[in-house]
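Peer 1: Sharing a structure below in structure tokens format, with a few things to ask.
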Amino acid sequence: MADLDLELAGPETVPDVADDGTWLTCIECGEQFAPFDDVIYTCAECDGLLEARYADRPTFEDFEGRGVWRYSAALPFEEGVTLPEGDTPLHEVPRLEEEVGVRNLRIKHEGMNPTGSFKDRGMTVGVRVAQEVDVDRLACASTGNTSAALSAYGSRAGLETLVLLPEGKVAAGKIAQAALHGARILEVDGNFDSCLDIVQDLADRDEAYLLNSLNPFRLEGQKTIGFEILERFYEDEGRYPDRIVLPVGNAGNTAALYKAFRELVQSGALAPGDVPKLTGVQAEGAAPMVEAIEEGREDTRRWEDVETIATAIRIGNPVNAPKALPGIRNTGGTAVAVSDEEITEAQRAIAGEGIGVEPASAASVAGLRKLRERGEIGAGEDVVCLTTGHLLKDPDAAAEAGSDPEPVPNDTDKVLAHLQGRDVGSGLLGKLVGLLR
Ligand code: F0G
């Protein structure tokens, strides 16, 4: 049975600082803050991470409508700047399921959101809060997807957007999105963690509103991934999945899913024993969360040098670790690191089911395979793998992982001959081969 941390305050303890039933609480010292009076990201007392709290606890009956805002009963507002987001498919993958050897395997493909990643769920809520606190410049550090989503939602809201990216380490599709949606793109000579340090400094100096997942309201939007998985899986199978396997970078999704489940448990909508085991996957070259889980640490050690083909999760200092580590442990989950080769192999296998994902997304399936081989995941489990971003985000990685284009002559017979394995080039060698046939 899961040993959940249910320290989410309820109706009987709504503090004076609450605004329309919403407030912020520090997860370290418990200090409570008004949510929209001032711009605030971390605890003013101890710098701990903040979590949004509500007077009302959501049940499944409260959910109505479509997309992220279907779950407004668990969000600070009824609606926001929307493109719209959410309602992503929960794919069956029979061949992969058979190969991995679990009772049920589903792929929740977050690449089907408007800008091609789960970040849109966080941005629809985060940008709504930005409007509430009345800021005019939005900013984020990003390995690419956050910047693409922020640029789209910022432009839709008519707000100036600034994105800081690690130079040379962001996939082409993501930079193209930020560029076309009109963000100012600052390329930093450093990795993602340095970019985030700078954005935090800018936010502290009131130069911009920070929309990284350090902002607690981003994670409120991302909670809806958890609600959707539970609802859809239950509709199909009449039970909840045993496990959710997801790629981990800053550990925002891990924290968000844990919060979604705790809120439902607290309202009585979900039994503690039905909470899926949160299982995080990182690339071997950027695995501080895996290290912390394996070593039983309360926090993560900052990795200064990180490298992986999965550039989206090329992160050495996961800011949401204090929220996410308890999420993994208390749900009975685990964390595992996978190699770049295993990621690419998994990306091909997912593509073989018709689903195109970027490398970071494929880490989930690579991790499942590894834990299955080690026997840490049982054959009887119902598993959902989260694929976080679309294949077209990183066209170079996809081309590298896939088959090579074959040049052919502009002639049907020659194309046919080529398909039949006969090389009929026009050069001397081709003619020779033709004579010999
Ligand atoms: N998968 C993809 C495709 C991502 O873009 C990210 C994070 C993650 C997984 C990790 O999610 O941080 O919640 O653990 N991308 C951020 C960005 C860092 O800037 O786009 P997490």
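Peer 1: Looking at the range 186-195, which of its residues are within 18 Å of residue 154 (Cβ to Cβ) and either of a type in the set (D, E, K, R) or surrounded by fewer than 24 Cβ atoms within 10 Å (Cβ to Cβ) (or both)?
Peer 2: Hit for the range 186-195 is 186, nothing else.
Peer 1: For the range 415-436, indicate whether the set of residues that are in a helix (DSSP H, G or I), at pLDDT 95 or above and either among the charged types (D, E, K, R) or within 13 Å of the ligand (Cβ to nearest atom) (or both) is non-empty.
Peer 2: No, because not a single residue in the range 415-436 is in a helix (DSSP H, G or I), at pLDDT 95 or above and either among the charged types (D, E, K, R) or within 13 Å of the ligand (Cβ to nearest atom) (or both).
Peer 1: Still on this structure, I have one more. Take residue 216 and decide whether it is more than 12 Å from the ligand (Cβ to nearest atom) and more than 14 Å from the chain's Cα centre (by Cα).
Peer 2: Yes; evaluated as a whole, the condition is true for this residue.
Peer 1: Related question: Provide a single number: the residues in the range 311-329 that are away from the ligand (no atom under 14 Å from the Cβ) and either out of contact with any Asp or Glu (no Cβ under 7 Å at 6 or more places or on another chain) or more than 21 Å from residue 386 (Cα to Cα) (or both).
Peer 2: Here the count works out to 1.
Peer 1: Determine whether residue 352 is away from the ligand (no atom under 12 Å from the Cβ), surrounded by fewer than 20 Cβ atoms within 10 Å (Cβ to Cβ) and closer than 19 Å to residue 110 by Cβ.
Peer 2: Criteria not met by residue 352.
Peer 1: Let me ask something additional. Do we have any residue at all in the range 201-210 that's within 13 Å of the ligand (Cβ to nearest atom) and either in contact with a Ser or Thr (Cβ under 6 Å, 6 or more places away or on another chain) or over 24 Å from residue 338 (Cα atoms) (or both)?
Peer 2: Checked against the condition, which is being within 13 Å of the ligand (Cβ to nearest atom) and either in contact with a Ser or Thr (Cβ under 6 Å, 6 or more places away or on another chain) or over 24 Å from residue 338 (Cα atoms) (or both), the range 201-210 yields at least one hit.
Peer 1: Answer yes or no as to whether residue 207 is at pLDDT 95 or above, in a strand (DSSP E or B) and surrounded by fewer than 18 Cβ atoms within 10 Å (Cβ to Cβ).
Peer 2: no
Peer 1: Among the residues of the range 367-399, which ones are in contact (Cβ under 8 Å) with a residue 40 or more places away in the chain and part of a helix (DSSP H, G or I)?
Peer 2: Scanning the range 367-399 gives 367, 368, 369, 371, 372, 391, 392, 393, 395, 396, 397, 398.
Peer 1: Can you tell me which of 158, 168, 154 is away from the ligand (no atom under 14 Å from the Cβ), at pLDDT 95 or above, of a type outside the set (Asp, Glu) and within 20 Å of residue 286 (Cβ to Cβ)?
Peer 2: 168
Peer 1: Go through the residues of the range 269-284 one by one and say whether even a single one is in contact (Cβ under 8 Å) with a residue 40 or more places away in the chain, within 13 Å of the ligand (Cβ to nearest atom), hydrophobic (A, V, I, L, M, F, W, C) and in contact with a Lys or Arg (Cβ under 6 Å, 6 or more places away or on another chain).
Peer 2: no
Peer 1: So which of 319, 357 is in the same structural domain as residue 245 (by TED's automatic domain parsing) and crowded, with 24+ Cβ neighbours inside 10 Å?
Peer 2: After ruling out the rest, the residue left standing is 357.
Peer 1: Quick check on my filter: what residues within the range 259-288 are on the phi < 0 side of the Ramachandran plot and of a type in the set (Gly, Ala, Ser)?
Peer 2: 260, 267, 269, 271, 273, 280, 283, 285, 286, 287
Peer 1: Still on this structure, I have one more. Any residue that is at pLDDT 95 or above, more than 16 Å from the ligand (Cβ to nearest atom) and on the phi > 0 side of the Ramachandran plot - is there at least one of those in the range 366-373?
Peer 2: No: zero hits.
Peer 1: Here's a follow-up. Pairs under 8 Å by beta carbon, first residue under 21 Å from residue 37 (Cβ atoms) in the range 191-212, partner in a loop (DSSP other than H, G, I, E, B) and within 14 Å of the ligand (Cβ to nearest atom), six or more apart or different chains?
Peer 2: Within 8 Å, the pairs are 200/214.
Peer 1: Test each condition in (1) at pLDDT 95 or above; (2) of a type outside the set (Asp, Glu); (3) on the phi > 0 side of the Ramachandran plot for residue 386 and report the one that comes out false.
Peer 2: Every listed condition holds for residue 386 apart from (3).
Peer 1: Which helices (runs of 4 or more DSSP H) does the range 74-185 wholly contain that include 3 or more residues that are touching a helix residue (DSSP H, G or I) at 6+ places or on another chain (Cβ under 8 Å) and crowded, with 19+ Cβ neighbours inside 10 Å?
Peer 2: 119-132, 145-157, 172-180
Peer 1: From 308, 334, grab the single residue that is polar (S, T, N, Q), within 14 Å of the ligand (Cβ to nearest atom) and over 21 Å from residue 214 (Cα atoms).
Peer 2: Matching residue, one of 308, 334: 308.
Peer 1: Output the residues belonging to the range 247-268 that are within 16 Å of the ligand (Cβ to nearest atom) and part of a loop (DSSP other than H, G, I, E, B).
Peer 2: Across the range 247-268, the qualifying residues are 248, 249, 250, 251.
Peer 1: Would the range 226-249 turn up any residue that is surrounded by 24 or more Cβ atoms within 10 Å (Cβ to Cβ), charged (D, E, K, R) and touching a strand residue (DSSP E or B) at 6+ places or on another chain (Cβ under 6 Å)?
Peer 2: Within the range 226-249, not a single residue is surrounded by 24 or more Cβ atoms within 10 Å (Cβ to Cβ), charged (D, E, K, R) and touching a strand residue (DSSP E or B) at 6+ places or on another chain (Cβ under 6 Å).
Peer 1: If I ask for residues that are more than 19 Å from the chain's Cα centre (by Cα) and in a loop (DSSP other than H, G, I, E, B), which ones from the range 231-246 would you list?
Peer 2: Of everything in the range 231-246, those that are more than 19 Å from the chain's Cα centre (by Cα) and in a loop (DSSP other than H, G, I, E, B) turn out to be 238, 239, 240, 242.
The values are calculated or read from the model by the stated rules, or taken from the named source; none is laboratory data. A quick note: this is a predicted structure, and the numbers were derived from the prediction, not measured. Virtual Cβ from ideal backbone geometry, glycine too; neighbours counted across all protein chains shown.
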